Structures are given as structure tokens and as C-alpha cells.
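Below is one structure, written out as C-alpha cells; comments come after it.
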Amino acid sequence: MDESVLYWWLVATLFGLAVITFLALLFVTAPYGRHVRAGWGPRIPSRLGWVIMESPAVVVFVAIFALGDHRAERVPLLLLGLWLFHYVHRAFVFPFRMRVDGKSMPALVALLAIGFNLLNAYVNARWISHFGDYPDAWIADPRLWAGSSLFFVGWMINVKADTMLIELRKPGETGYKIPRGWLYEHVVNPNYLGELLEWIGWAIATWSLGGLGFALYTFANLAPRAVSNLKWYREKFGDDFPPERRAIIPFVW
Ligand code: NDP
């Protein structure tokens, strides 16, 4: 099969996975973090799990990017920088900031995430460095600037929100508390909201179907989990939990 045909099949797979993931997560909450539970096979340490499941989004993405015909052009390199700005932190910094000593996750969760990250890395890296066309004039295109700006706003929200959660625990603690202040007064997962804004920004900056597929997948993955988290907070903290808080979109959902 010609690679360009395969490419569009894989983009279609990304969209299909978004739909399947959204429907599946409405019924089954992914068993990691606060939702970890027995019955999902052998476990690995959480920190290790995060590094191995997110590192393909750095290593494989760079390798595929480096094979593209446009790998040395200015705009593809700029987009590579945007992607790595998020994923170097996610794969190699965030796991070492989390306070999850002694916690574990099913190896299956890590395996499924690796599979997704391989597909997503191929679809997005191959587009920006090979199949897509980003002449130098794209640098002046409002889509690049609006998308990149949204990406950075999302990144700042994501990292600030994760940092606030991390700081709820003293080193060595593993329990849960009610987060207070800032966007936490409105939603239980501003970190997911920030992540979603980042990938919507990426879709706009790259103006690509692969980018749109990833943004949709992020919504499909994180919105149902935020709903499960809201339910979990209400059950765990009862009347102490502020009733007006939503799941992921302030005042809406
Ligand atoms: P969570 O908000 O569930 O947890 C983030 C960290 O904070 C974990 O270490 C967690 O510990 C800790 N934590 C959470 N709530 C509390 C609390 N109430 N009290 C004390 N500590 C708390 O996020 P996820 O683990 O689901 O995701 C982590 C990051 O990865 C996020 O930035 C998210 O956006 C991103 N992500 C992106 C995905 C995508 O599709 N693009 C998919 C999944 C995640 P513990 O692990 O012990 O629960």
C-alpha cells in the first residue's frame, strides 16, 4: 500500500479511536490514579509507567520527524519545538514531580497508552515534516499564531493546575484532599481543561486533520474521566465538597 493511503487510514483510525474511547469511558473508568483497582492484571510503579508510556511521544516523534522531506524547514522545526515543549515535560519532568511513592498502575494502561502514542506520533510527526506543506509564509499566518498562543495558554493552565495538585501532598504522602482556589473553584480538572486547550491550539497551528483527531481524542479521553473524578470527589468528601464545581468546563460541564 502506498504510504499516503496508509497515512489517511491511520488518521481515520485516530478519529475512530476517539469515538470508541469516549463511549467506553462513559461505562468504564480507566484504572489508574485514584481509580486504580484490582482485576486489571500485573502492575508497574506509577512513575515508571508514566515515563514509559509518554516517552514514545518524544523519541518516536523525533525519529519520524527526522525522516521527513521537510525536516530542515523553519515552520516544521517550529512545530516540532511546540510538540516537544509539552512532551519532554510530560514524559521526563512531570513523572518525577508527582508525589506517588509506592503507587502503581496496571501494565495494561501503560501498554494501551504506548499504542496510542505510537499512532499519534506517526500521524502528527509525519504530517508536519513530510506530507504537510508549511512554507516560510506560514510563519505570518494567523492560524499559526492563534494556535500557538492557545497552546501556551493551555500549557500554563495544565502545569499550574497539576502543580497545585502535587503540592496538596507533602513528600511521602499519597492521600487526597479537596483542591481550593483559582480554577479549582469552578472545575475539578483544570489540568484536563488546559491539556484540551493545548491540543485544540495544536490543531489550529498545524491546520491538520491529524491535529484535529488528537484534539478530539484528548476530549474523548479526558472529559469522561473528569466526570468520574467529580463523582468520586462528591462521594469521598460528601457535604464538604463545594456543590457548584463542574467537571472540566467552568459553569457548563
Ligand atoms: P489527576 O488530576 O488525576 O492527577 C494528577 C496528579 O495529582 C497525580 O499525581 C495525582 O495523584 C495527584 N492528585 C490528583 N488529585 C489529587 C487530590 N485531590 N489530592 C492530592 N493529590 C491529587 O491527573 P491524571 O493523572 O489523570 O493526568 C496527569 C496529567 O496527564 C494531566 O496533566 C493530564 O492533563 C495529562 N493527561 C493527558 C492525557 C491526554 O489524553 N492527552 C491523558 C491522561 C492524562 P494519584 O496519581 O495518586 O491519583
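List every DSSP H helix in the chain whose Cα atoms extend 30 Å or more along the helix's own long axis and whose mean Kyte-Doolittle hydropathy is at least -0.5. The partial results should precede the final answer.
Working: long enough: 3-27 (36 Å, 1.93); 142-166 (35 Å, 0.80); 209-237 (41 Å, 0.13).
Answer set is 3-27, 142-166, 209-237.
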request  = At 7 Å along the Cα-to-beta-carbon direction for both Val19 and Arg99, put a label point, then send me their distance in nm to one decimal.
outcome  = 4.4
message = Testing the spin-label approximation: label points 7 Å from Cα along Cα→Cβ at Arg143 and Asp240. State their distance in nm.
response = 5.0
ask   = Once you charge only the Cβ atoms, +1 for Lys and Arg and -1 for Asp and Glu, what is the size of the charge dipole of the chain about its Cα centre, to the nearest 20 debye?
value = 1040
key: Proximal aspartates and glutamates to Lys160, defined as alpha-carbon separation beneath 16 angstrom and excluding residues fewer than eight positions away on the same chain   = Glu185, Glu195, Glu198
ask   = Across every pair of different alpha-carbon atoms, what Kirkwood hydrodynamic radius in Å does the chain reach?
value = 19.1
query = For region 1-17, list residues with backbone N below 13 Å from a point placed 7 Å from the Cα of Asp69 toward its Cβ?
reply = 3-4
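Coordinate-derived values only; no laboratory data. Worth saying up front: this structure is predicted, and the values here are computed from it rather than measured. Positions of Cβ are backbone-derived with ideal geometry, glycine not excepted, and every protein chain shown enters the neighbour counts.
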